[in-house]
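A quick write-up on the structure given underneath.
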Amino acid sequence: MTPKVFGFQIWVHAFVSCMGYLGVNNCYGASTRIGQHTFTLPEGFEIELVAGPPLVERPIVADFDDQGRLYVADSSGSNAKVQQQLAAKPHRIVRLEDTDGDGIYDESVVYAEDLMFPEGVLWHQGAVYCGAPPEIWRLEDTDDDGIADKREVWFDAKTLTGCANDIHGPYMGKDGWIYWSKGAFAEQTHTLFDGRIIKDSAAHIFRCLPDGSEFDSVMSGGMDNPVEIAFDDAGEIFFTTTFYSHPRAGKRDALVHAIYGGVYPKEHGVLEGLTVTGEFLPAMTHLGPAAPSGLMRYESSRFGREFQGNLFSSHFNLRRIQRHQLIEDGTSFRTLDSDFVVSSHHDFHPTDVLEDGDGTMLVVDTGGWYKLCCPTSQLYKPDVLGAIYRVKRTANKDVRDPYGIRISWKDLSVSELLTLLGDDRHSVNQRSVQVLSEQGGNAIEPSKIVLEAEGASTSIKQQILWALSRIPGDEARKAVRLALNTSDAQLLRTAIHVAGIHRDVEALPALTALLRHEDPFVCRKAVEGIGRIGEPEIADAILQHAHDLRDRAHEHALTYALIQVNASAETLFAALAPAQHPNVRRVALTVLSQLENNGLNASHIAGLLTAEDDALRDRAMWVAGFHPEWGGGLASHFESVLLDESQKVHVFNQLQRQLEVFVKQPEIQRVMGRWLDESWMDPEVKQLILQVMRHDGLRSVPTTWLEPVSRRIYSDALLLVTSAIETVSQWTLTGREREVLLPALEYAASREGLSMAARLAVFRSITRFNPHLENEAMKISLAAYKDASKPGLREKALGIWRDATLESHQVKALLPLFEHSGPLHLSQLVDLFHGHSEPDLGEAFMQVIQKAPANASIRPDLLLHAVDSFPEQVQDQARFWLKSMEVDVEEQRRQLQGVLAKLPEGNVRRGQAVFNSENTACSTCHQIGYVGGQTGPDLTRIGSVRNERDLLEAILFPSVSFVRSYEPMIVETHDGEEFSGVMLREGGGVIRLVAGAGIEMRLEQGDIDSIRPSQVSVMPSGLDEQLSRQELADLLAFLKSRQ
């Protein structure tokens, strides 16, 4: 038996004494000092430390039992690979207790040891449910000694990914179902309540009854990691997630309102095969790079009525608890957001937030140990331990018996339990719901009386409905139906949820009547319930209400319901008729698109692509995107539209997107080539066609394009000439195009009026047919590289040299460039020396390398590859120099501290200039706002998640850790070739691998043998050697200002 641990109050007293020595602020007011933390809270709130070592060391998540004892998942501090953690099971759950009622925990017992990484704790009916991927465990203490002696796997996901995102939770829904979340990437197979089998790699929220039955998927998406789930009084579901979207313009993580059956971003390969109802559903609140985890709904009114029903989320990266005031918006929500608790300390990492029985809030800070798949935690700090804090309203008095421990629950009558549903103590409310449900049939008739009583509050009636939801049988379902006739919209929302989740067929007439209710939420929830019940004959009634769509959430619910009830193709095609309302047609088309053997063809879509209704036209295009084989049938449609002067302008804005969908189809390719030669075709359309011809989904260049594009290069229209040259430069050329394109390119190389960028594009295309680079082309490309005033020219020059077979004198001409090249370009210059063997060139090369300001950025494998054809003496020089450059981890720390200590004060404006300079080329790979490259992470709000030290470490040593979704990978093909870079996109049988600025490869998945992580960042190191200390300080100041 593991002994109990006491003595936390002694530790707290010592801690507070230390605080006094430091000159701590008073604990009341907007700012509170606790140890190294300065906490900022709204006026009228205070915060105190209530648990820490030795009671708990690295708390992650927690939950209360019905006596107010706190069960806390406590990490060992391990960041070992997940398979090692699965074998070692080094983590635990501790139970904390406040034995004297002063609000500070003073007793701890280890409830369960030998656990895999715990990512959720739920206390329910005498047992703790713990998500420890790949399983959810049920841990029960049968003899009440505080130690779980009965352990069983409650759910087995059967997958474990590298970041252990396979399970978060579980969480108890108000309806009595147990909910949990799954992250993207691992493929799982599950059988749903209606017999359907889902097999995909998407993220999900799952739910089922405590006995494991009625398994269901609430939502799915491409987000990396949905975490915690919260519920409102009507059963609406909210969750936090990381990487809801690809990091762009400050967006990344999100707080989401989960609409039943919805599919959410981000868009990538894991979404293939999911049932979709149109465009992805939107986030409720964008959080930026917050790394949100914990989420709670504040139930009581102890903070003030204005706080009741608010959501609160914990943000690991941003060191804060944020408040979200829910505002109804159509059939969903938006939020008014404000910081509620913020710590000044960079090792404050809140991972959970929860409400205690007295209406106070507990904040769980896990400390500095976590680094697994978390680039913000640059350093592994298992010695920086966590703690649990309590936030309370300063003016509030203590709550007497907040958990109702003094209540003799076993002796209560049903009438007394119903009375307790109105108790001010929210934990007593929750327990009353559960105990009332345990009365089974005895609770039903008295509950019906209260449901029909005019004097009973909406809140009490909602609690009754939640209790009835936990009671099986027809009588409980019949009692719930009483509430479907109320005029109270809030009560209706709850009743609809309960009727729907139980698939109460007898509730169909009442639910159908509610489809036109004045309350938008009632309309949406009613159609959700109808869909879940799944009666096919109801499809016509659903479609009749499609003309009055309230918003995207309502449209989704209605569309998904039609899919769930298996609406017939006959019914749907009738709704697609031109006489129907555009909304009805849009919904019918969407449902048809998701049915197998649906009978849709190009003729059904052609007319819709030019529909007057924008939403219907866009949806037709969306559906067409799933059927590239329709391209041939639509080719004549596109041509007739462009010949029609009345429609030409109307359609032009849609044409590019439509052509891109069908660009792989031979008939569309022939039409595009012919349009380039047509004299009647507007130049703007020809320009657009040339842009579409650069589509990255093409494996080879269609032969029907070669002559028309060649003729554009010869033409007098300079804009079209430039566009045609750019198109050819982006094609994957195989040599068969030489006869047609090479003469045109050689003509363009010497014609006047071309911009430098266009001329370089010509040279690069020529080298693909003839790798010998003429001296004039070499001279021009060298001049372009040296012109630092024009962004992008260096990348174009490097592209020419990579594609060409450079002679020794040409390679030698590159050596003067080393002195003026930043890390990003220097590595590419080094690689150009591979294959050369002249001793003098090798000696000169190594001399220049040793003097180059950015030489610390050169990877050892790259340099050794570059000199492997030079004499052994040159290779020895390279190895000796690399040895002299080796730096161990401790040396890196010392180097980091040394640089940091010598930095002057930075200037934000000057730092912006450094960021955008050709020398650093930061903006080539990183985006701020909507400007910049996409090879590396978005830096729009980087200053809010990284301090100066973190930013400097990422610049000096970029391979220390990698940002999620930007991990470098090594791809090996069947023929033994290896390619390294960041996988920018995956899907459609093709992956795009970015190896640096302007270096992108397309690899067919069928050609790939293996994909494995790389330990070397695409971002080169050594940028600090390229910049002065002032420039480095300016750059850091600029990055830190991006919040």
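Below 9 angstrom from the Cβ of Leu690, what's the summed charge of the other residues (Lys, Arg +1; Asp, Glu -1)?
Summing Lys and Arg as +1 and Asp and Glu as -1 gives +2.
From the square roots a ≥ b ≥ c of the eigenvalues of the alpha-carbon gyration tensor of region 680-805, which class results: rounded (a/c under 1.5), prolate (a/b over b/c), or oblate?
Prolate.
Excluding Leu451 itself, what net charge comes from residues whose Cβ is under 14 Å from its Cβ, given Lys and Arg +1 and Asp and Glu -1?
In short, 0.
Mind scanning Lys150/Lys182; Lys89/Lys883; Lys158/Lys664; Lys89/Lys199; Lys266/Lys1040; Lys199/Lys478 and naming the pairs with a C-alpha gap bigger than 32 Å?
Pairs exceeding the cut-off: Lys89/Lys883; Lys158/Lys664; Lys199/Lys478.
So, with +1 on the Cβ of K and R and -1 on the Cβ of D and E, and no other charges, what is the size of the charge dipole of region 146-300 about its Cα centre, to the nearest 20 debye?
With Lys and Arg at +1 and Asp and Glu at -1, about 400 debye.
Which of the aspartates and glutamates could be linked to Lys790 by a straight reach, that is with a Cα gap under 12 Å, when you skip same-chain ones fewer than 8 residues away?
In chain and number order, the partners are Glu918.
Taking N as the number of residues in the chain, what is its alpha-carbon radius of gyration divided by 2.2 N^0.38 Å?
After normalising by residue count via 2.2 N^0.38 Å, the value is 1.05.
Under 15 Å from the Cα of Lys397, which aspartates and glutamates turn up, not counting those fewer than eight places away in the same chain?
The reachable aspartates and glutamates, counting only those whose Cα sits under 15 Å from Lys397, are Glu46, Asp102, Asp356, Asp358, Asp424.
When the helices in the chain are scored as -39500 (n - 2.57) per DSSP H run of 4 or longer and the sum is shared across all residues, what 222 nm value do you end up with, to the nearest 500 deg cm²/dmol?
-11000 deg cm²/dmol
Mind listing the phi-derived Karplus ³J(HN,Hα) values for region 141-150, rounded to whole Hz, using 6.51, -1.76 and 1.60 with θ = phi - 60°, and x for any glycine or proline?
With coefficients 6.51, -1.76 and 1.60, one gets 9, 7, 10, 6, 9, x, 10, 5, 9, 10 Hz.
Scan region 470-575 for trypsin sites (Lys or Arg not before Pro) in coil per DSSP, keeping those whose Cβ has at most 10 other Cβ atoms within 10 Å, and list them by number.
When the trypsin sites (Lys or Arg not before Pro) of region 470-575 are filtered for loop state and at most 10 Cβ neighbours within 10 Å, nothing remains.
Can you tell which of Gln462, Pro666, Leu281 lies farthest toward the positive end of the dipole of the chain, using +1 and -1 charges on the Cβ of basic and acidic side chains (Lys, Arg; Asp, Glu)?
Pro666
List, in order, the whole-Hz ³J(HN,Hα) value for each residue of region 847-855 obtained from phi through the Karplus relation with A = 6.51, B = -1.76, C = 1.60 and θ = phi - 60°; use x for Gly and Pro.
Here the 3J(HN,Hα) series is 5, 5, 4, 5, 9, 5, x, 9, 5 Hz.
Quick check: the angle from helix 793-803's long axis to the longest principal axis of the chain, C-alpha only, nearest 10 degrees?
70
For the chain, what does the relative contact order come out to in percent, with C-alpha contacts under 8 Å and a separation of six or more?
Averaging sequence separation for qualifying contacts and normalising by length gives 7 percent for the chain.
Rounded, prolate or oblate: which fits region 55-393, taking a ≥ b ≥ c as square roots of the Cα gyration tensor eigenvalues, rounded meaning a/c under 1.5, else prolate when a/b beats b/c?
rounded
Once phi is turned into θ = phi - 60°, what whole-Hz ³J(HN,Hα) does the Karplus curve with 6.51, -1.76 and 1.60 give for every residue of region 274-286, x standing for Gly and Pro?
So the J values, rounded to whole Hz, are 6, 7, 10, 10, x, 5, 4, 6, x, 6, 7, 9, 7.
At R0 = 35 Å, how high is the FRET efficiency between Ala249 and Glu891 if r is their beta carbon distance? Nearest 0.05 is fine.
0.40
So, counting K/R as plus one and D/E as minus one, what does the shell of residues with Cβ under 13 Å around Ile800 add up to?
+3
Quick one: helix 703-714 against the long Cα principal axis of the chain, what's the angle to the nearest 10°, folded into 0 to 90?
60
Computed from the coordinates by the stated procedures, all read-outs in this text should not be read as laboratory data. The model shown is predicted, which means the values in this text are computed figures rather than measured ones. When we count neighbours, we look across all protein chains shown, and the Cβ atoms used for this are built from the backbone with ideal geometry, even at glycine.
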